[in-house]
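**Student:** Dropping the structure in here first, questions after.
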Amino acid sequence: MTKKIAPYGSWVSSITTELMTQGAVGLGQVMFEGNDLYWQEGRPSEKGRGALVKAGVEGESPKTILPEPYNMRSWVHEYGGGAYTLYEGKVYFSDPVEQAILCGDLVTGEVNQVIESSKIGYADFQMDKHRDRLICVSEERHLEDHEPTARLSAISLNGEMVHLIKGADFYSSPRLSEDGSKLCWIEWSHPDMPWDATRLMHAHINVDGSLERIEQIAGGENISIVQPEYAKDGQIYFVSDESGYWNICSYKDGKITQFPLAGDCAYPHWVFGMRSYDLLDGDRLVVANSVKGDWRLSILTTTSGEWDHLDLPWVTFDSVVAKGDKVAFNGGRADGPDEIILLDLADGTHDVLMVSANLDIEAEGISKAETIVFPTQSGPNGEERVAYAYFYPPANANYEASAGELPPVIVRSHGGPTGQSMSALSLKYQYWTSRGFAVLDVNYSGSTGYGRTYRDRLAGNWGVLDVIDCENAAKYMVAQGRVDKDRLIIAGGSAGGYTTLAALTFTDTFKAGCSSYGIGDLAMLAQDTHKFESRYMDKLVGVWPAEADIYRERSPLNHTEQLNCPVLFLQGEDDKVVPPNQADQMSAALRQKGVPVAYVLFAKEGHGFRQAENIKKAMETELSFYAQVFGISLPAGSYQCEIDNL
């Protein structure tokens with residue numbers, strides 16, 4: 001079929017905001033209960049609630065277990081995760097509306113309260129079947145002038161709670177030995193973040209359920225420990241970055257054994273319940289691992305230390321769980337939506353149990369990620385350095401641009417900043433590429449998935465190296481003749497929103513930008529954010545308030561006189577991570593200066609948008625903003641946002 005000729009950015013696309021919201025779900029925490037498989041779905045069409053879903057059997061469709069309005073979600077550390085566990089036909093979960101722990105029957109869906117509503121949040125549940133109690137992380141909220149108090153707590157199934165241990169600023173990953181006699185967990189304290197330094201702790205459990213003989217068995221200064229798991233023989237597996245990469249390790253009888261790999265076998269601990277590996281039968285582990293940012297699934301034989309890297313069609317592997325020779329995970333494809341997969345290692349077959357979205361898109365209309373390695377600023381000793389990105393060229397089965405026209409490009413700076421962009425298909429990116437925009441997704445210095453040294457590059461350099469890398473990525477693609485130098489856009493959310501604002505303020509490379517719940521004033525963030533990140537910037541920027549000058553120097557809000565291109569602000573009204581006062585002040589300053597600016601404040605949204613109508617409006621506003629700024633004609637009936645000073 002002959003394609004229609006139309007300017008980049010103006011193409012008609014079948015990837016609509018309705019498809020992204022009404023027809024798509026987020027797939028999360030996967031878990032076995034007996035021989036049945038369950039997972040969590042984030043449903044924008046149901047006000048963003050977390051629903052529990054059971055895999056269908058013998059061709060049946062997956063079944064929703066908990067009806068509306070029940071919502072499996074935790075807000076511990078603000079980002080939550082680890083909101084449920086399963087045991088003997090029951091689901092135990094945290095509900096943010098009820099602010100309680102609830103118990104649901106997996107057959108009938110009937111829900112009862114385990115512990116009454118309070119100002120305590122719960123996450124990372126582990127069933128102690130020997131004592132009929134839940135062990136979890138609890139976080140008690142106090143008055144505004146006090147940080148929440150974190151503890152490891154035990155909650156009996158009749159609602160009585162006792163605290164097992166306190167004193168550290170943060171706890172995660174409580175795990176029980178097979179016989180219930182021992183408990184291990186991870187803890188850390190300010191000013192460290194969990195990817196900086198954590199401690200793997202171990203204790204024996206007394207007859208009365210209390211802990212004794214508490215000791216640190218791994219981790220410490222400049223060592224990050226992730227995801228401990230007990231094996232049946234009592235040894236503890238965990239992931240440590242002491243080697244320079246997050247590598248699998250084991251602990252037994254006072255000895256630590258490392259299984260080296262030149263790649264990361266873990267994700268940064270932003271949320272509870274993340275799983276990058278699990279134990280198989282015998283002496284094997286199934287492990288998701290990233291080598292230079294690209295993820296794969298591998299089998300580690302612990303007796304020999306040998307790795308077998310599997311040839312699979314997925315490029316991301318989240319929530320990896322195993323039972324016998326069966327492995328389940330949330331898999332991302334480069335050319336299709338995320339899937340819940342059940343993989344049989346015995347014969348290599350797999351079943352697709354759930355697809356996050358039903359896409360009826362021709363292969364020619366899907367833009368696949370191209371790995372980009374580009375030169376960037378030299379190291380402190382003059383050594384040459386590179387950084388990484390994924391490039392998504394425009395793609396539409398029905399449209400193409402005139403010969404010689406180059407596309408506008410949206411340079412994406414991911415959140416965190418300790419995080420990683422991956423190459424799995426993103427409907428949000430396809431929304432842009434199918435309309436004729438290119439997307440350049442930058443894993444700037446400080447990103448995970450490339451080892452500790454790359455991650456530590458950003459120490460003291462946030463607002464500097466991330467901006468330089470985004471700028472150099474854009475310039476590299478211009479030099480390659482792939483994008484239009486006069487239509488360079490930068491966009492990001494949260495920490496990526498800060499990188500966006502800093503790049504727009506302190507460089508002249510970009511011609512427009514969009515900040516979603518981004519940071520305009522680092523000093524304001526240092527004084528007005530939640531506990532989990534309250535000391536994050538000590539290492540990224542400098543110790544507050546002793547180094548306040550650095551904060552002021554790197555805050556875009558203090559330098560609006562240098563900002564001369566259009567900016568869109570998208571912000572949640574209830575955001576406690578980056579409160580809306582920053583977007584309020586930044587947009588007001590630009591409006592007063594006469595710079596084109598648009599600002600949308602979403603009611604009943606926090607840090608990130610979960611409700612379908614708000615996700616839709618945010619995407620359509622961003623498209624309208626770029627179209628008006630660059631004079632792109634959108635299809636008839638397209639939404640048009642209001643822009644001041646344009």
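**Student:** Just to verify a result, which residue in segment 609-646, among those that are among the aromatic types (Phe, Trp, Tyr) and within 21 Å of PRO7 (Cβ to Cβ), is most open to solvent (accessible area, probe 1.4 Å)? Please lay out each step first, then the result.
**Tutor:** In the first step, residues of segment 609-646 are kept if they are among the aromatic types (Phe, Trp, Tyr); the result is 609, 625-626, 630, 639.
From what is left, the residues that are within 21 Å of PRO7 (Cβ to Cβ) are 625-626, 630, 639.
Working: PHE625: 0, TYR626: 0, PHE630: 45, TYR639: 96 Å².
Checking each candidate, the answer is TYR639.
**Student:** Among (1) over 29 Å from the mean Cα position of the chain (by Cα); (2) in contact (Cβ under 8 Å) with a residue 24 or more places away in the chain; (3) on the phi < 0 side of the Ramachandran plot, where does LEU106 come up short?
**Tutor:** Among (1) over 29 Å from the mean Cα position of the chain (by Cα); (2) in contact (Cβ under 8 Å) with a residue 24 or more places away in the chain; (3) on the phi < 0 side of the Ramachandran plot, LEU106 violates only (1).
**Student:** Still on this structure, please answer the following. Given the criterion under 21 Å from ASP338 (Cα atoms) and surrounded by fewer than 23 Cβ atoms within 10 Å (Cβ to Cβ), identify the matching residue among ARG73, ARG131.
**Tutor:** Every option except ARG73 fails the conditions.
**Student:** Which of the following residues is in contact (Cβ under 8 Å) with a residue 24 or more places away in the chain and within 27 Å of TYR122 (Cα to Cα): LEU211, LEU280? Show your work before the answer.
**Tutor:** Numbers: LEU280 fails: within 27 Å of TYR122 (Cα to Cα).
Every option except LEU211 fails the conditions.
**Student:** State which residue pairs qualify: first residue farther than 14 Å from ILE65 by Cβ and part of a loop (DSSP other than H, G, I, E, B) and inside segment 77-93, second residue open to solvent by less than 30 Å² (accessible area, probe 1.4 Å) and among the charged types (D, E, K, R) in any location, beta carbons under 6 Å apart, and separation of 6 or more residues or different chains.
**Tutor:** GLY82/ASP124
**Student:** Quick one: what pairs do we get from segment 630-646, first residue more than 21 Å from GLU18 (Cβ to Cβ), second open to solvent by 50 Å² or more (accessible area, probe 1.4 Å) and not in a loop (DSSP other than H, G, I, E, B), C-beta under 9 Å, 6+ apart or different chains?
**Tutor:** What qualifies is ILE643/GLN628; ASP644/ARG591; ASP644/TYR599; ASN645/ARG591; ASN645/LYS593; LEU646/GLN628.
**Student:** Identify, from the list GLY59, GLY42, GLY109, GLY81, the residue that is within 30 Å of MET20 (Cβ to Cβ), among the small types (Gly, Ala, Ser) and open to solvent by 40 Å² or more (accessible area, probe 1.4 Å).
**Tutor:** Result of the check over GLY59, GLY42, GLY109, GLY81: GLY59.
**Student:** Considering segment 198-234 alone, what residues qualify as being open to solvent by 30 Å² or more (accessible area, probe 1.4 Å) and assigned to a loop (DSSP other than H, G, I, E, B)?
**Tutor:** The answer is ASN206, VAL207, ASP208, SER210, GLU221, ASN222, LYS232, ASP233, GLY234.
**Student:** Tell me which helices (runs of 4 or more DSSP H) are completely within segment 454-571 and hold 2 or more residues being open to solvent by 10 Å² or more (accessible area, probe 1.4 Å) and β-branched (Val, Ile, Thr), or say none if there are none. Working first, answer last.
**Tutor:** Numbers: elements: 465-479, 495-506, 522-527, 536-540, 548-554.
Helices (runs of 4 or more DSSP H) meeting the threshold: 465-479.
**Student:** If you go through segment 607-646, how many residues are of a type outside the set (Asp, Glu), in a helix (DSSP H, G or I) and within 30 Å of PHE532 (Cβ to Cβ)?
**Tutor:** 8
**Student:** Sticking with this one: Please name all residue pairs, on different chains or six or more residues apart, with Cβ atoms under 6 Å, provided the first residue is in segment 22-42 and is under 17 Å from TYR70 (Cα atoms) and the second residue is among the basic types (Lys, Arg) and open to solvent by 40 Å² or more (accessible area, probe 1.4 Å).
**Tutor:** Close Cβ pairs satisfying both conditions: TYR38/LYS54.
**Student:** Of the conditions (1) open to solvent by less than 70 Å² (accessible area, probe 1.4 Å); (2) at pLDDT 90 or above; (3) over 25 Å from the mean Cα position of the chain (by Cα), PRO67 fails just one. Which one is it?
**Tutor:** All conditions pass for PRO67, except number (2).
**Student:** Name the single residue, out of those in segment 235-263 being farther than 24 Å from VAL137 by Cβ and charged (D, E, K, R), that is least open to solvent (accessible area, probe 1.4 Å).
**Tutor:** Restricting to residues being farther than 24 Å from VAL137 by Cβ and charged (D, E, K, R), the top hit is LYS252.
**Student:** Continuing with this model, one more query. Quick one: what pairs do we get from segment 173-196, first residue on the phi > 0 side of the Ramachandran plot, second among the charged types (D, E, K, R) and surrounded by fewer than 22 Cβ atoms within 10 Å (Cβ to Cβ), C-beta under 9 Å, 6+ apart or different chains?
**Tutor:** SER173/GLU229; GLY180/ASP128; GLY180/LYS129; GLY180/ARG131
A quick yes/no check of all residues on (1) part of a strand (DSSP E or B); (2) in contact with a His (Cβ under 8 Å, 6 or more places away or on another chain); (3) open to solvent by 50 Å² or more (accessible area, probe 1.4 Å):
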| residue | (1), (2), (3) |
| --- | --- |
| SER290 | yes, no, no |
| ARG296 | yes, yes, yes |
| SER304 | no, no, yes |
| PRO313 | no, no, yes |
| PHE317 | yes, no, no |
| VAL320 | yes, no, no |
| ALA328 | yes, no, no |
| ILE340 | yes, no, no |
| LEU343 | yes, yes, no |
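**Student:** VAL567 - would you say it is modelled with pLDDT of 95 or more, farther than 14 Å from LEU501 by Cα, in contact with a helix residue (DSSP H, G or I) (Cβ under 7 Å, 6 or more places away or on another chain) and of a type in the set (Val, Ile, Thr)?
**Tutor:** Taking the combined requirement at face value, the residue does not satisfy it.
The values are calculated or read from the model by the stated rules, or taken from the named source; none is laboratory data. In this text the structure is predicted, and so the values were computed from the model without any measurement. Virtual Cβ from ideal backbone geometry, glycine too; neighbours counted across all protein chains shown. Ligands, DNA and RNA are excluded from the accessible area calculation, which covers all protein heavy atoms including side chains. Shrake-Rupley method; radii C 1.70, N 1.55, O 1.52, S 1.80 Å.
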